[in-house]
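Single-structure report; data block below.
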Amino acid sequence: MSKYVCIGAPYYLGEAIAERREVEALRQSGIADELDAEWVDIAPDFAADDDPVVAVNRALAKAIQSHVEKIPVVFANDCTSCLGMVKGLEAKAPLILWYDSHGDFNTPETTPSGFLGGMPLAALVGRGNQHLMRGLDLAPIAEADVIVSDVRNLDPEEGVMLRESEVTIYETLADLHAGPLPNKPLYIHFDTDVVDCAEMPAMSYPEPGGPSLNESIDSLKFVLAQGNTAGILFSLWNDTLERSDEALDATLRLIRALK
């Protein structure tokens, strides 16, 4: 019996965008069969919530909680789905390992752009506007229960706030691998833009540098081998951009690290 359930969350900031077919491409690839896992698509009730992002995350949390005996492998179009992931795993109180080239640690007061997708990690630890957290009835997690790896693009105030927080920051995967992770259930949040964009193209916000695809695969295997994984979320490429087929192939290689 598989230990995984694959969950598709094909929404971008609470909206289903017809041109964005990343999650469907993964479903059609047969990756769930490769993992011997059931595939589940979330079903948000947009009429029940004033905020569509809350509706998407509520549906994601429900799907996770409906398969509590499985490790959820979530495929999402943006990082705000981390809120539903943490809500779904709430009973396990997981540590978060956040692979991302961006900090996602802005607040409405620090962000230069106002982009909600750059704020979810800050929201999870109780910083900034908490309306999404309240909408999910989700209490903030401790900053000390967050590890960030390979972040390389921080807005000025965001960077100051992150580095003055209690979040553990590893500049490289080698630093992350230097010692064992804390002995707690682990939510692995893997934004595919953490991989060098030369090998992971079709990113909405590409960041040069960072780990290679093989180094990223090895890192996932290193973390998974520690045996305390509560859930994994992959935040995906942008299917409307050039070389999206290469991004699909690279992402499939990352997911196969779970086998």
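Cα convex hull of the stretch 1-114: mean projected area in nm², to one decimal? Working shown, then result.
Details: hull surface 34.5 nm².
Value for the stretch 1-114: 8.6 nm².
Mind computing the radius of gyration and Dmax over the alpha-carbon atoms of the stretch 213-259? Å is fine for both.
Both quantities, over Cα of the stretch 213-259: 12.1, 37 Å.
Give me the three principal axis extents of the stretch 42-86 from the C-alpha atoms, as integers in angstrom, largest value leading.
The Cα atoms of the stretch 42-86 stretch 31, 20, 14 Å along the principal axes, largest first.
Give me the Debye-computed log₁₀ of I(q)/I(0) at q = 0.12, 0.15, 0.18 Å⁻¹ for the stretch 1-67, equal point scatterers on Cα only, no solvent, two decimals.
-0.33, -0.51, -0.70
Principal axis lengths of the stretch 105-254 from Cα atoms, whole Å, largest first?
If we take the Cα atoms of the stretch 105-254, the spans are 37, 37, 28 Å.
Please list log₁₀ I(q)/I(0) at q = 0.10, 0.11 Å⁻¹ for the chain, using the Debye equation with identical point scatterers on the alpha-carbon positions.
Log-scaled intensity ratios, in q order: -0.43, -0.53.
Report, for the chain, the % of DSSP beta bridges that are antiparallel, rounded to 5. Don't skip to the answer; put the middle values down first.
Values: 1 of 34 bridges.
Of those bridges, close to 5 percent are antiparallel.
Output the relative contact order of the chain, whole-number percent, from Cα pairs under 8 angstrom with separation of 6+ residues. Write down the numbers at each step before the final one.
On the way: 529 pairs, mean separation 55.0, N = 259.
Averaging sequence separation for qualifying contacts and normalising by length gives 21 percent for the chain.
Given Lys62/Lys221; Lys92/Lys221; Lys184/Lys259; Lys87/Lys259; Lys62/Lys259; Lys3/Lys184, which pairs have Cα atoms separated by over 20 Å?
Numbers: Lys62/Lys221 28 Å; Lys92/Lys221 22 Å; Lys184/Lys259 22 Å; Lys87/Lys259 26 Å; Lys62/Lys259 25 Å; Lys3/Lys184 18 Å.
In this structure, Lys62/Lys221; Lys92/Lys221; Lys184/Lys259; Lys87/Lys259; Lys62/Lys259 lie more than 20 Å apart at Cα.
Between Tyr4 and residues 5 or more places away or on another chain, which pairs have amide H atoms under 5 Å apart, with H built 1.01 Å from N, and which residues are they?
Ile71
Which residue, Ala257, Leu13, Val23, has the largest displacement toward the positive end of the dipole of the stretch 4-258 when charges sit on each Cβ (Lys, Arg +1; Asp, Glu -1)?
Ala257
Where in the stretch 12-54 are there GluC sites (Glu not before Pro) that are in a DSSP coil and have at most 10 other Cβ atoms within 10 angstrom of their Cβ?
Details: sites: Glu15, Glu19, Glu22, Glu24, Glu34, Glu38; in loops: Glu19.
The qualifying sites are Glu19.
Enumerate the residues in the stretch 59-77 having an amide nitrogen under 15 Å from the point lying 7 Å beyond the Cα of Asp36 toward its Cβ.
70-71
In the P(r) worked out for the stretch 67-111, what percent of Cα pairs fall beyond 14 Å? Please report the intermediate quantities before stating the final value.
Details: 601 of 990 pairs.
Value for the stretch 67-111 (Cα pairs over 14 Å): 61 percent.
Multiply the residue gap between Glu19 and Asp249 by 0.36 nm, knock off their C-alpha separation, and tell me the result in nm, one decimal place. Each step should come with its number before you reach the end.
Values: separation 230, 0.36 × 230 = 82.80 nm, distance 1.88 nm.
Here the answer is 80.9 nm.
Give me the one-decimal nm value for the distance between modelled label points at Ala174 and Ala47, 7 Å along each residue's Cα-to-Cβ direction.
Inter-label distance under the simple model: 5.7 nm.
If the only charges are +1 at each Lys and Arg Cβ and -1 at each Asp and Glu Cβ, what is the size of the charge dipole of the chain around the Cα centre, to the nearest 20 debye?
Values: 19 positive and 42 negative charges, 178 e Å.
Taking the Cα centre of the chain as origin, the dipole is about 860 debye.
Just to confirm my numbers, what's the Cα centroid distance between the stretch 79-95 and the stretch 6-77 in Å?
14 Å
Please report, to two decimal places, log10 I(q)/I(0) for the stretch 60-161 at q = 0.13, 0.20 Å⁻¹ as given by the Debye formula with identical point scatterers on the Cα atoms and no solvent.
Cα-only, vacuum Debye calculation for the stretch 60-161: -0.45, -1.05.
Throughout, read-outs are computed from the coordinates displayed, never taken from laboratory work. As the structure is a prediction and not an experimental result, all values here were calculated from the model. Quick reminder, even Gly has a Cβ in these numbers, built from the backbone with ideal geometry, and neighbours come from all protein chains shown.
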